[in-house]
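These notes are about the structure you will find just below.
The values are calculated or read from the model by the stated rules, or taken from the named source; none is laboratory data. Given the structure is predicted, the values throughout are model-derived calculations rather than measurements. Cβ: placed from backbone, ideal geometry, glycine included. Neighbour counts: every protein chain shown. Calculation scope for accessible area: heavy atoms of the full protein, side chains included, ligands and nucleic acids excluded. Shrake-Rupley method; radii C 1.70, N 1.55, O 1.52, S 1.80 Å.
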Amino acid sequence: MTENKAENKQIEKTEKMEVNIIIISDSAGETAFNNAQAAAVQFPDAEVNYRRYPFIVNEKKLAATLEEIEQYPNLVIVYSMLDEKLQLPIIKFAREHKARYIDILSPIIEAISQTTHMKPTGLVGANHQLTNKYFNRISAMEFAVMYDDGKDPRGFLEADVVLLGVSRTSKTPLSLLLANKGLKVANLPLVPQTHIPKEIYQIDPTKIIGLTTDPQVLNRIRRQRMISYGMDPDTAYSNMDSINAELDSAMALYKKLGCFVINVAERSIEETAALIMNHLSYEED
(Lines give C-alpha, C1' and ligand atoms only; values in the text may rest on other atoms or scores of the structure.)
Protein backbone atom coordinates (compact mmCIF):
# COMPACT_ATOMS: atom_id res chain seq x y z
CA MET A 1 0.00 0.00 0.00
CA THR A 2 2.84 2.35 0.90
CA GLU A 3 4.60 1.55 -2.39
CA ASN A 4 1.46 2.41 -4.40
CA LYS A 5 1.17 5.77 -2.65
CA ALA A 6 4.81 6.52 -3.42
CA GLU A 7 4.28 5.60 -7.08
CA ASN A 8 1.20 7.86 -7.29
CA LYS A 9 3.15 10.76 -5.80
CA GLN A 10 5.93 10.20 -8.33
CA ILE A 11 3.42 10.26 -11.20
CA GLU A 12 1.93 13.50 -9.88
CA LYS A 13 5.38 15.08 -9.78
CA THR A 14 6.17 14.13 -13.38
CA GLU A 15 2.91 15.46 -14.80
CA LYS A 16 3.38 18.97 -16.14
CA MET A 17 0.95 21.79 -15.52
CA GLU A 18 -0.53 22.95 -18.83
CA VAL A 19 -0.49 26.67 -19.59
CA ASN A 20 -2.00 28.07 -22.78
CA ILE A 21 -0.39 31.38 -23.68
CA ILE A 22 -2.62 33.24 -26.13
CA ILE A 23 -0.86 35.83 -28.30
CA ILE A 24 -3.28 38.36 -29.82
CA SER A 25 -1.92 41.17 -31.96
CA ASP A 26 -3.05 43.68 -34.56
CA SER A 27 0.25 43.05 -36.39
CA ALA A 28 2.53 40.01 -36.70
CA GLY A 29 2.62 39.61 -32.92
CA GLU A 30 6.37 39.16 -32.63
CA THR A 31 6.72 41.64 -29.75
CA ALA A 32 4.14 39.84 -27.64
CA PHE A 33 5.41 36.39 -28.62
CA ASN A 34 9.04 37.19 -27.82
CA ASN A 35 8.07 38.58 -24.42
CA ALA A 36 5.94 35.52 -23.66
CA GLN A 37 8.75 33.17 -24.65
CA ALA A 38 11.29 35.05 -22.53
CA ALA A 39 9.02 34.70 -19.50
CA ALA A 40 7.97 31.09 -20.12
CA VAL A 41 11.52 29.71 -20.18
CA GLN A 42 11.63 30.50 -16.46
CA PHE A 43 9.13 27.65 -15.94
CA PRO A 44 10.72 24.51 -17.43
CA ASP A 45 8.37 22.23 -15.51
CA ALA A 46 5.27 23.72 -17.15
CA GLU A 47 3.73 22.46 -20.39
CA VAL A 48 3.51 25.73 -22.28
CA ASN A 49 1.41 25.96 -25.46
CA TYR A 50 1.73 29.11 -27.56
CA ARG A 51 -1.37 29.93 -29.59
CA ARG A 52 -0.87 32.89 -31.89
CA TYR A 53 -3.56 35.09 -33.42
CA PRO A 54 -1.88 37.75 -35.59
CA PHE A 55 -3.45 40.54 -37.66
CA ILE A 56 -6.58 40.86 -35.51
CA VAL A 57 -7.57 44.26 -36.84
CA ASN A 58 -11.33 44.38 -36.37
CA GLU A 59 -14.01 43.38 -33.90
CA LYS A 60 -15.26 40.49 -36.03
CA LYS A 61 -11.85 38.80 -36.11
CA LEU A 62 -11.38 39.43 -32.40
CA ALA A 63 -14.78 37.94 -31.54
CA ALA A 64 -13.93 34.79 -33.51
CA THR A 65 -10.58 34.56 -31.73
CA LEU A 66 -12.11 34.90 -28.28
CA GLU A 67 -14.72 32.31 -29.14
CA GLU A 68 -12.02 29.87 -30.23
CA ILE A 69 -9.78 30.22 -27.17
CA GLU A 70 -12.65 29.44 -24.80
CA GLN A 71 -11.84 25.77 -25.28
CA TYR A 72 -8.38 26.01 -23.72
CA PRO A 73 -7.71 25.66 -19.98
CA ASN A 74 -5.34 27.81 -17.89
CA LEU A 75 -5.24 30.84 -20.16
CA VAL A 76 -2.64 33.58 -20.08
CA ILE A 77 -3.55 36.22 -22.67
CA VAL A 78 -0.74 38.43 -23.95
CA TYR A 79 -1.97 41.12 -26.30
CA SER A 80 -0.49 43.88 -28.39
CA MET A 81 -3.33 46.09 -29.64
CA LEU A 82 -3.23 49.81 -30.29
CA ASP A 83 -6.98 50.28 -30.75
CA GLU A 84 -8.67 50.62 -27.35
CA LYS A 85 -11.92 49.30 -28.85
CA LEU A 86 -10.12 46.00 -29.42
CA GLN A 87 -8.42 45.99 -26.02
CA LEU A 88 -11.63 46.22 -24.01
CA PRO A 89 -13.23 42.95 -25.26
CA ILE A 90 -10.01 41.10 -24.38
CA ILE A 91 -10.02 42.49 -20.84
CA LYS A 92 -13.73 41.71 -20.47
CA PHE A 93 -13.22 38.14 -21.75
CA ALA A 94 -10.25 37.57 -19.45
CA ARG A 95 -12.14 38.74 -16.37
CA GLU A 96 -15.21 36.67 -17.21
CA HIS A 97 -13.11 33.56 -17.74
CA LYS A 98 -10.76 34.22 -14.81
CA ALA A 99 -7.77 34.35 -17.15
CA ARG A 100 -4.60 36.35 -16.61
CA TYR A 101 -4.00 39.07 -19.18
CA ILE A 102 -1.01 41.25 -20.05
CA ASP A 103 -1.02 44.39 -22.18
CA ILE A 104 2.44 44.54 -23.77
CA LEU A 105 2.35 47.98 -25.43
CA SER A 106 0.07 50.39 -23.57
CA PRO A 107 2.12 50.89 -20.35
CA ILE A 108 5.29 51.62 -22.35
CA ILE A 109 3.51 53.92 -24.80
CA GLU A 110 1.89 55.78 -21.88
CA ALA A 111 5.23 56.16 -20.08
CA ILE A 112 6.94 57.58 -23.20
CA SER A 113 3.97 59.84 -23.89
CA GLN A 114 4.03 61.28 -20.37
CA THR A 115 7.80 61.79 -20.51
CA THR A 116 7.89 63.45 -23.94
CA HIS A 117 4.46 65.13 -23.73
CA MET A 118 3.84 63.73 -27.23
CA LYS A 119 0.94 61.71 -28.55
CA PRO A 120 1.61 58.29 -30.11
CA THR A 121 0.90 57.93 -33.82
CA GLY A 122 -1.34 54.90 -33.33
CA LEU A 123 0.18 53.37 -36.47
CA VAL A 124 -0.21 49.58 -36.43
CA GLY A 125 3.01 47.71 -37.20
CA ALA A 126 5.11 50.86 -37.11
CA ASN A 127 8.06 48.87 -35.70
CA HIS A 128 8.30 46.86 -38.94
CA GLN A 129 10.39 48.16 -41.80
CA LEU A 130 8.45 47.76 -45.04
CA THR A 131 11.00 45.42 -46.62
CA ASN A 132 10.45 42.47 -48.94
CA LYS A 133 11.05 40.21 -45.94
CA TYR A 134 8.18 41.82 -44.05
CA PHE A 135 5.74 41.58 -46.96
CA ASN A 136 6.79 37.98 -47.65
CA ARG A 137 6.06 37.12 -44.03
CA ILE A 138 2.60 38.71 -44.17
CA SER A 139 1.91 36.88 -47.43
CA ALA A 140 2.98 33.59 -45.82
CA MET A 141 0.72 34.20 -42.82
CA GLU A 142 -2.25 34.87 -45.10
CA PHE A 143 -1.41 31.73 -47.08
CA ALA A 144 -1.34 29.60 -43.91
CA VAL A 145 -4.76 30.87 -42.85
CA MET A 146 -6.22 30.36 -46.33
CA TYR A 147 -4.98 26.78 -46.65
CA ASP A 148 -5.43 25.64 -43.06
CA ASP A 149 -7.10 22.24 -42.53
CA GLY A 150 -7.08 21.36 -46.23
CA LYS A 151 -9.63 24.06 -47.09
CA ASP A 152 -8.47 24.21 -50.71
CA PRO A 153 -6.33 21.36 -52.17
CA ARG A 154 -4.80 23.75 -54.70
CA GLY A 155 -2.78 25.22 -51.85
CA PHE A 156 -0.79 22.01 -51.50
CA LEU A 157 0.82 22.57 -54.90
CA GLU A 158 1.77 26.17 -54.09
CA ALA A 159 3.09 25.54 -50.57
CA ASP A 160 6.73 25.48 -49.51
CA VAL A 161 5.83 22.78 -47.01
CA VAL A 162 2.74 20.61 -46.39
CA LEU A 163 1.95 19.27 -42.92
CA LEU A 164 -0.03 16.05 -42.52
CA GLY A 165 -1.29 14.70 -39.22
CA VAL A 166 -4.20 13.30 -37.26
CA SER A 167 -6.27 15.61 -35.07
CA ARG A 168 -4.37 17.36 -32.23
CA THR A 169 -0.84 17.08 -33.62
CA SER A 170 -0.37 20.89 -33.65
CA LYS A 171 -0.77 21.38 -37.40
CA THR A 172 -2.36 24.85 -37.23
CA PRO A 173 -0.09 26.52 -34.63
CA LEU A 174 2.92 24.96 -36.36
CA SER A 175 1.72 26.32 -39.71
CA LEU A 176 1.45 29.84 -38.28
CA LEU A 177 4.87 29.65 -36.64
CA LEU A 178 6.54 28.52 -39.88
CA ALA A 179 4.60 31.17 -41.80
CA ASN A 180 5.95 33.80 -39.42
CA LYS A 181 9.40 32.71 -40.58
CA GLY A 182 8.43 33.25 -44.20
CA LEU A 183 7.38 29.75 -45.31
CA LYS A 184 4.12 29.17 -47.19
CA VAL A 185 2.46 26.31 -45.31
CA ALA A 186 -0.62 24.22 -46.04
CA ASN A 187 -1.85 21.44 -43.78
CA LEU A 188 -4.22 18.51 -44.06
CA PRO A 189 -5.93 16.74 -41.16
CA LEU A 190 -5.90 12.96 -41.58
CA VAL A 191 -9.36 11.69 -40.74
CA PRO A 192 -10.05 7.93 -40.77
CA GLN A 193 -11.55 6.62 -44.03
CA THR A 194 -11.40 10.04 -45.68
CA HIS A 195 -10.18 10.48 -49.25
CA ILE A 196 -6.67 11.92 -49.59
CA PRO A 197 -6.62 14.72 -52.20
CA LYS A 198 -4.78 13.73 -55.39
CA GLU A 199 -2.62 16.86 -55.03
CA ILE A 200 -0.81 15.27 -52.07
CA TYR A 201 0.64 12.64 -54.41
CA GLN A 202 1.79 15.32 -56.86
CA ILE A 203 4.02 17.13 -54.35
CA ASP A 204 7.76 16.66 -54.01
CA PRO A 205 7.97 14.28 -50.97
CA THR A 206 10.73 16.39 -49.44
CA LYS A 207 8.15 19.17 -48.96
CA ILE A 208 5.78 16.92 -47.02
CA ILE A 209 6.07 16.54 -43.25
CA GLY A 210 4.21 13.71 -41.55
CA LEU A 211 3.36 14.52 -37.94
CA THR A 212 2.81 11.70 -35.49
CA THR A 213 2.74 11.34 -31.71
CA ASP A 214 2.59 8.77 -28.93
CA PRO A 215 -0.86 7.18 -28.42
CA GLN A 216 -0.88 7.91 -24.68
CA VAL A 217 -0.02 11.57 -25.25
CA LEU A 218 -2.73 11.93 -27.90
CA ASN A 219 -5.25 10.22 -25.63
CA ARG A 220 -4.49 12.70 -22.84
CA ILE A 221 -4.71 15.74 -25.12
CA ARG A 222 -7.99 14.62 -26.66
CA ARG A 223 -9.54 13.82 -23.30
CA GLN A 224 -8.55 17.25 -21.99
CA ARG A 225 -10.09 18.85 -25.06
CA MET A 226 -13.40 17.07 -24.54
CA ILE A 227 -13.41 18.00 -20.85
CA SER A 228 -12.78 21.65 -21.76
CA TYR A 229 -15.91 21.48 -23.94
CA GLY A 230 -17.86 20.07 -21.00
CA MET A 231 -18.30 16.77 -22.84
CA ASP A 232 -17.72 13.12 -21.96
CA PRO A 233 -13.98 12.47 -22.44
CA ASP A 234 -14.51 8.75 -23.10
CA THR A 235 -15.59 8.74 -26.74
CA ALA A 236 -14.34 7.21 -30.00
CA TYR A 237 -12.27 10.38 -30.42
CA SER A 238 -10.15 9.52 -27.37
CA ASN A 239 -10.49 5.72 -27.49
CA MET A 240 -7.04 4.08 -27.49
CA ASP A 241 -7.97 1.51 -30.15
CA SER A 242 -9.22 4.29 -32.43
CA ILE A 243 -6.13 6.39 -31.76
CA ASN A 244 -3.78 3.51 -32.55
CA ALA A 245 -5.69 2.81 -35.77
CA GLU A 246 -5.46 6.49 -36.79
CA LEU A 247 -1.73 6.68 -36.10
CA ASP A 248 -1.07 3.40 -37.91
CA SER A 249 -3.04 4.62 -40.93
CA ALA A 250 -1.12 7.91 -40.93
CA MET A 251 2.23 6.11 -40.74
CA ALA A 252 1.22 3.86 -43.65
CA LEU A 253 0.47 6.98 -45.72
CA TYR A 254 3.79 8.58 -44.76
CA LYS A 255 5.63 5.43 -45.81
CA LYS A 256 3.77 5.40 -49.12
CA LEU A 257 4.62 9.07 -49.73
CA GLY A 258 8.22 8.67 -48.57
CA CYS A 259 7.99 11.88 -46.55
CA PHE A 260 9.89 13.12 -43.50
CA VAL A 261 8.20 12.10 -40.22
CA ILE A 262 8.37 13.91 -36.87
CA ASN A 263 7.02 12.66 -33.55
CA VAL A 264 5.64 15.77 -31.85
CA ALA A 265 5.00 14.09 -28.48
CA GLU A 266 6.51 16.20 -25.69
CA ARG A 267 8.03 18.56 -28.28
CA SER A 268 7.30 22.28 -28.37
CA ILE A 269 6.11 23.67 -31.69
CA GLU A 270 9.32 25.73 -31.77
CA GLU A 271 11.41 22.57 -31.63
CA THR A 272 9.30 20.88 -34.30
CA ALA A 273 9.56 23.99 -36.51
CA ALA A 274 13.35 23.94 -36.13
CA LEU A 275 13.45 20.29 -37.25
CA ILE A 276 11.32 21.12 -40.30
CA MET A 277 13.45 24.11 -41.27
CA ASN A 278 16.60 22.02 -40.89
CA HIS A 279 15.08 19.27 -43.07
CA LEU A 280 14.20 21.85 -45.74
CA SER A 281 17.62 23.52 -45.40
CA TYR A 282 15.68 26.74 -44.90
CA GLU A 283 17.30 29.67 -43.16
CA GLU A 284 15.24 32.62 -42.00
CA ASP A 285 16.44 35.92 -43.48
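Some notes on this structure:
- Per-region count, segment 225-238, residues within 24 Å of the chain's Cα centre (by Cα) and not hydroxyl-bearing (Ser, Thr, Tyr): 6
- Complete set of residues in segment 150-169 that are farther than 20 Å from Thr206 by Cα and either surrounded by 21 or more Cβ atoms within 10 Å (Cβ to Cβ) or not small (Gly, Ala, Ser) (or both): Lys151, Asp152, Arg168
- Pair list, Cβ under 8 Å, 6 or more apart: segment 72-97 residue within 22 Å of Ala28 (Cβ to Cβ), other residue assigned to a helix (DSSP H, G or I) and open to solvent by 70 Å² or more (accessible area, probe 1.4 Å): Val78/Asn35; Lys85/Glu59; Leu86/Glu59; Pro89/Glu59
- Boolean, Ile138 is surrounded by 13 or more Cβ atoms within 10 Å (Cβ to Cβ), over 23 Å from the mean Cα position of the chain (by Cα), assigned to a helix (DSSP H, G or I) and at pLDDT below 90: no
- Among (1) more than 30 Å from Met231 (Cβ to Cβ); (2) without any contact (Cβ under 8 Å) to a residue 40 or more places away in the chain; (3) surrounded by 15 or more Cβ atoms within 10 Å (Cβ to Cβ) - the single one Ile108 does not satisfy: (3)
Per-residue answers, yes or no, for (1) hydrophobic (A, V, I, L, M, F, W, C); (2) free of Cβ contacts under 8 Å to residues at least 12 places away in the same chain; (3) over 16 Å from Lys171 (Cβ atoms):
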residue: Pro233; (1), (2), (3): no, yes, yes
residue: Ser238; (1), (2), (3): no, no, yes
residue: Ser242; (1), (2), (3): no, no, yes
residue: Ala250; (1), (2), (3): yes, no, no
residue: Asn263; (1), (2), (3): no, no, no
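- Scanning segment 256-285 for residues that are within 29 Å of Ala40 (Cα to Cα) and either open to solvent by 70 Å² or more (accessible area, probe 1.4 Å) or of a type in the set (Val, Ile, Thr) (or both) yields a count of 14.
- Any hit, segment 50-63, residues being on the phi > 0 side of the Ramachandran plot and of a type in the set (A, V, I, L, M, F, W, C): yes
- Residues that are at pLDDT 90 or above number at least 2 in the following helices (runs of 4 or more DSSP H) confined to segment 1-113: 59-69, 84-96.
- Test for Leu253: is it closer than 21 Å to Pro192 by Cα and open to solvent by less than 50 Å² (accessible area, probe 1.4 Å): yes
- For segment 170-203, taking the residues that are among the charged types (D, E, K, R) and buried (at least 21 other Cβ atoms within 10 Å of the Cβ), the one that is farthest from Asp248 (Cα to Cα) is identified as Lys184.
- Arg222 meets the conditions (1) in contact with a helix residue (DSSP H, G or I) (Cβ under 6 Å, 6 or more places away or on another chain); (2) basic (Lys, Arg); (3) open to solvent by less than 40 Å² (accessible area, probe 1.4 Å) in every case but one. The failed one is (1).
- Inter-residue pairs, beta-carbon under 7 Å, first over 16 Å from Thr213 (Cα atoms) and in contact (Cβ under 8 Å) with a residue 40 or more places away in the chain and in segment 266-285, second part of a helix (DSSP H, G or I) and open to solvent by 60 Å² or more (accessible area, probe 1.4 Å), 6+ apart: Asp285/Lys133
- Hey, Thr206 among the hydroxyl-bearing types (Ser, Thr, Tyr) and loosely packed, with under 12 Cβ neighbours inside 10 Å or not: no
- Qualifying residues in segment 54-67 (those that are without any contact (Cβ under 8 Å) to a residue 40 or more places away in the chain and open to solvent by less than 30 Å² (accessible area, probe 1.4 Å)) - the one nearest to Lys92 (Cα to Cα): Leu66
- Condition met for Thr206 (of a type in the set (Ser, Thr, Tyr) and touching a Phe, Trp or Tyr at 6+ places or on another chain (Cβ under 9 Å)): yes
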